[in-house]
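Everything on this sheet refers to the single structure shown next.
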Amino acid sequence: MSDADRLLRTIALLVLVLAAGLGACGPVPSSTSALPTEAVMASTATSPSPTETPQATDTPEPTTTPTPTPSPTATDRPTPEPTATAAASPAKAMLESAFAAQAEAESYHFDIDMLMTVSLAGSTQDLVMAFAGDRQRPDRMQGTIAAELEGTELETEVRIVGGTGLQTDVVTGEWGPIEGTVFLLSPEDILRIEPADVKDPLLIGQESVDGRQAHHLQGTVAANALNSLGSGVGGEMLADYWIDVEDHAIRQVSLEGEMSGLWAPGDSTTMTTTAIFSDYGQDVEIELPDLESGLTGPAPGGCIAFSSDRDGDWDIYALSMAGAGEAIGENALLRLTDLPGEEHGALWSPDGSRVVFWSQQAGNRDIYVVHVGDVLSGASEGTPTRLTEHPGLDTDPHWSPDGSRIAFSSDRDGNEEIYIMELEAGESGAGSGALTRLTNNPARDIAPAWSPDGSLIAFESDRAGNLDLYVTSPDGSSPARPLTRDSAPDRMAAWSPDGKYVAYQSGREWHEDIYVVDVGVALENPDVGAEMQLTSDGGGCRLPAWSPDGAWLAYAAEIGTIPELRIVDFEDRVEDPASAGEQVLARGLLFVHSPPAWSPNGTHLAVVAMLGLEAVRSLQVLHIEPALGAAGRAQPVPVTKVTSFWMTPVELAWSPEPCQD
């Protein structure tokens, strides 16, 4: 990895606010490195002193802006006495008024300077950063980031419009997709501190900021009150606000303090940040530069089913992927359901003609199925067939390989168990198909997944005291047998296409990683190690998904605060467990709660990811064929418009070829 690439990742990791936790799903950082490998630079120069406020000479100046009024250092700050001019109540009211005015501002300019000193494992590193640009509501931002770390200086320009973010390459200057969670750089990460989070604010007096008179207020803020900072981060920041005397707008914010637990237990991070805000309400044009759009390569085929609240309620939609390039998009979107309740858990039948899902339209969760051909012909949009009708909660539907049965989990008999419904007679009326209770245990049995040959059903159960993976025969002829036996939770079972392996995520060693278990070995000789750990020495590796040929496993990973889409060459790993085999396909995709979905021909991957200033979701598709086994990246292409949903899970399912009508 080049120094330029390392520094770019460090910028995304460190500026303004950071999510707690560190680690990659890869090698342990070298003992000579105090920070994670991705944050280590070659030491070529002496860094600025951590007690100095960053000045314009410390970094390349992104834009020509007035020099901010230096804020006093921690040792220079006066300790205000609680006099008539330092009353807490007027200061609190002034803060609330200023925050309200800021929330209504249509646009503003910002200049941010930051110095961060990180001490970890006996080593200290400094980062100096300047970020200047414009913010326009509701979802646009542009600016230039200049950074210096250990004598290395780099600069990148960013533009964000809606869910699309672009940045210039730090070497070539060419525009491309953002390779990091740049929306975390938004100046509103500072401004989203609630007035109630500012402890004991005091009114110091009036001072001049950028030629304007401003009230100077001072208080303290818990470090984890900063937007996106993890709850496990400790420490306190000294917060100063300068509020315009005339229009009550926030003109300057300064934060200074020490945090602990940001990178790892026992670390110490000192941050000094000064942000100047100006040009409120002025017209700003923020547009994305022209880039080649659309998916590259051959048409991936099939249809992607997903749930969305784009029309108010959560319904099931299907996006045809039969075209290529510009032919894929909102014009190829089909709404499969129009029910009053929420619909989730969409899964295609093996022949691609039907979609099964669960719905809350009757007040509880029941299983439904919809025929895509009927929707395409206009015969039955919004009128899927109800398969179960019970006051209990029926969820997690999963097709049998021949499409004649559906396994699902239900608490209809008091606790969650696995059931199977026959569909040959069941589709014509609610609950008319034969229903079989497959498991019967006081513990929770959930998330059934049928093996490719139909001989086994894997599911999650806490019958041993924690979540493990089990398998049982669909006819109930054999008892449930464990695939995994660990005190950590094992979840998200995914069968390999040949049915030999099950991939899953497990929270062992305090972080989640991807594992694979050989089913035959685990059942025939449970005392022999049947598990293989595919990712290690990191955190946040989850959501495994097999390629159609079983050669690759895609999964979501995190490098500190930078999420990534990765794949691992499973065949190479089986032959040589010590081989690296991991490859980064894309960075900056904040995954939701759904595994990536492979196209039926294995050339593309679909993910639901959060992008942009407002952290909203869109469906992204990547053409990965040229990158497989190479050092290249795959460019995410949004194929649906951004929709404003937040933490509710969104499932993805890619139909087999073809998506039948």
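Here, each number is a calculation from the coordinates, and none is a lab measurement. Just so it is clear, the structure is predicted and the values come from calculations on it, not from any experiment. Please note: Cβ atoms are built from the backbone with ideal geometry, for glycine as well, and neighbour counts cover all protein chains shown.
Extension gain, residue 283 to residue 473: 0.36 nm times the residue separation minus the Cα-Cα distance gives 61.8 nm. Site pair residue 527 and residue 246 shows an inter-label distance of 8.6 nm when each label is modelled 7 Å from Cα along Cα→Cβ.
Dipole size in debye (nearest 20) for the stretch 238-281 around its Cα centre, Lys and Arg Cβ +1, Asp and Glu Cβ -1?
Numbers: 1 positive and 8 negative charges, 29 e Å.
For the stretch 238-281, the charge dipole is close to 140 debye.
Between residue 413 and residue 443, the simple label model (points 7 Å from Cα in the Cβ direction) yields a spacing of 1.7 nm. Taking the average, over residues, of other Cβ atoms within 10 Å as the packing measure, peptides 355-368, 333-346 rank 355-368, 333-346 from highest down.
Given R0 = 25 Å, the distance between the Cβ atoms of residue 485 and residue 393 translates into a calculated FRET efficiency of 0.35.
What FRET efficiency, computed as 1/(1 + (r/R0)^6) with R0 = 25 Å and r the Cβ-Cβ distance, is obtained for residue 194 and residue 509, rounded to the nearest 0.05?
It comes to 0.10.
The stretch 102-142 and the stretch 396-422 have Cα centres spaced 50 Å apart.
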